[in-house]
Amino acid sequence: MRQALVLLLLSLATFAADAHPLAPALLELRETAPGTYAVQWRTSLVRAQGRDVVPVMPEGCTAPAEVQTRDEAGARQQQWTLHCTELVGRSLRVDGLEGSGVNVILRVQPLAGASQQALLGERTPS
């Protein structure tokens, strides 16, 4: 009887762990030269089943095909360079947030001026 209770509690704990929202992702764009941004995209390796969250850059922005990827401490970190003539007034978004349980911290650091930060989620994906 006691073993059955322990097994039940363990299975409930596993279910509860799966139900918790995932750690927030990070999308950071740091301008390194006029129109050139170092992009960092960090997400949890744990994902809701069938859900991939993917950053979508504004139309007209280009990135090289090469993305540096590193997995460590339960997270995947990707870095690349983005060339964009102008980000001011343009929208960055993250696809796949609906039903994923993931929020995204978005940070944009221009060469001149203050850093901007926003929290993206299911209701505000851009």
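A few points about this structure:
- Just so you know, in the stretch 32-52 the residues that are open to solvent by less than 60 Å² (accessible area, probe 1.4 Å) and not in a strand (DSSP E or B) include one that is nearest to Arg107 (Cα to Cα), and it is Gly35.
- Residues in the stretch 59-75 that are open to solvent by 40 Å² or more (accessible area, probe 1.4 Å), over 11 Å from Val39 (Cβ atoms) and part of a strand (DSSP E or B): 5 in all.
- Within the stretch 76-126, restricting attention to residues that are β-branched (Val, Ile, Thr) and part of a loop (DSSP other than H, G, I, E, B), the residue that is farthest from Thr43 (Cα to Cα) is Thr85.
- Residues that are surrounded by 11 or more Cβ atoms within 10 Å (Cβ to Cβ) and more than 16 Å from Val53 (Cβ to Cβ) within the stretch 87-106 comprise Leu87, Arg90, Ser91, listed in sequence order.
- Test for Arg76: is it of a type outside the set (Gly, Ala, Ser) and at pLDDT below 95: yes
- Evaluated against (1) out of contact with any strand residue (DSSP E or B) (no Cβ under 7 Å at 6 or more places or on another chain); (2) open to solvent by less than 30 Å² (accessible area, probe 1.4 Å), Pro55 falls short on exactly one condition, (1).
The values are calculated or read from the model by the stated rules, or taken from the named source; none is laboratory data. Note that this is a predicted model, so its numbers are computed, not measured. Cβ coordinates were reconstructed from backbone atoms using ideal geometry, including for glycine residues, and neighbour counts include every protein chain displayed. We work out accessible area using only protein heavy atoms, side chains counted, and drop any ligands, DNA or RNA first. Shrake-Rupley method; radii C 1.70, N 1.55, O 1.52, S 1.80 Å.
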